[in-house]
Amino acid sequence: MQKRCVRLSLPFGLLAVVCSFLSVLADSPFQLDVTMLDRVEHIHGPQARQRLIDWQDLIRDDESTTDQEKLEKVNTFFNRVDFVSDLLLWKQEDYWATPIELLMRNAGDCEDFSIAKYFTLKKLGVDEDKLNLTYVKALELNQAHMVVTYFETPEAEPLVLDNLVDEIKPASARNDLLPVFSFNGTGLWLARERGRGKMIGNSDRYRRWQDLLNRMPEGLN
């Protein structure tokens, strides 16, 4: 299985979000719609249904007491998914899948892994200010790539959650990655070598990121 991103990605590319697939009430336990699960099983088989139920259980049953435990749990869960390029999987150059699409197909590329980890960690209670979706250059592959970075404090060295390397490592141990820029729901940053770097804009200015948030189901964004 190849675990890499095999194309140059454009920031804020298309993210298709199937809102009708997920039913979440803001103050209720995370609950996938049974009709959606039945449909997924009919099209993709019982294993696809079980992957989605496992994801639901990961969120609903989480008893982690530290962010580190949550990072490890989420990174391990999604890194079991197969890497497949957008062209092969979706017949498109740049398609950002929802966590549901990633799991029902059991396949995705680097953006899909990162998006799923980012929103799952938020749902588990990790502060969004500590999380970024980070574009890097994978030097050994000589191509663009996306990871999740976690900052314990704003000035701390980030930890890297990556589908290329299963172990979560500090950025200083990932000399194979060159940061380019990071973003989350609060802003966009030019990346310095090993940190968040200079803020260059509010994410509300970026139509595609805002469109992503508008399409994400209530309770997951």
Listed peptides 124-131, 160-167 by packing density, highest first (mean Cβ within 10 Å): 160-167, 124-131
Ascending count of other beta-carbon atoms within 10 Å, so fewest first, for VAL147, VAL81, VAL136: VAL81, VAL136, VAL147
Of LYS70/LYS122; LYS117/LYS137; LYS73/LYS117; LYS73/LYS137, those spanning more than 21 Å from alpha-carbon to alpha-carbon: LYS73/LYS137
Which of ILE59, ILE53 has the fewest Cβ neighbours within 10 Å, and the rest in rising order: ILE53, ILE59
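Could you list THR98, THR149, THR76 so that the one with the fewest beta carbons within 10 Å of its beta carbon is first and the one with the most is last?
Fewest-to-most Cβ neighbours within 10 Å comes out as THR76, THR98, THR149.
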Packing-based order for 107-113, 68-74, using average beta carbon neighbours within 10 Å, highest first: 107-113, 68-74
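Bear in mind that the values in this text are calculations on the coordinates, not laboratory data. All values reported here derive from a predicted model rather than from experimental measurement. Positions of Cβ are generated from backbone atoms using ideal geometry, with glycine treated the same way; all protein chains shown enter the neighbour counts.
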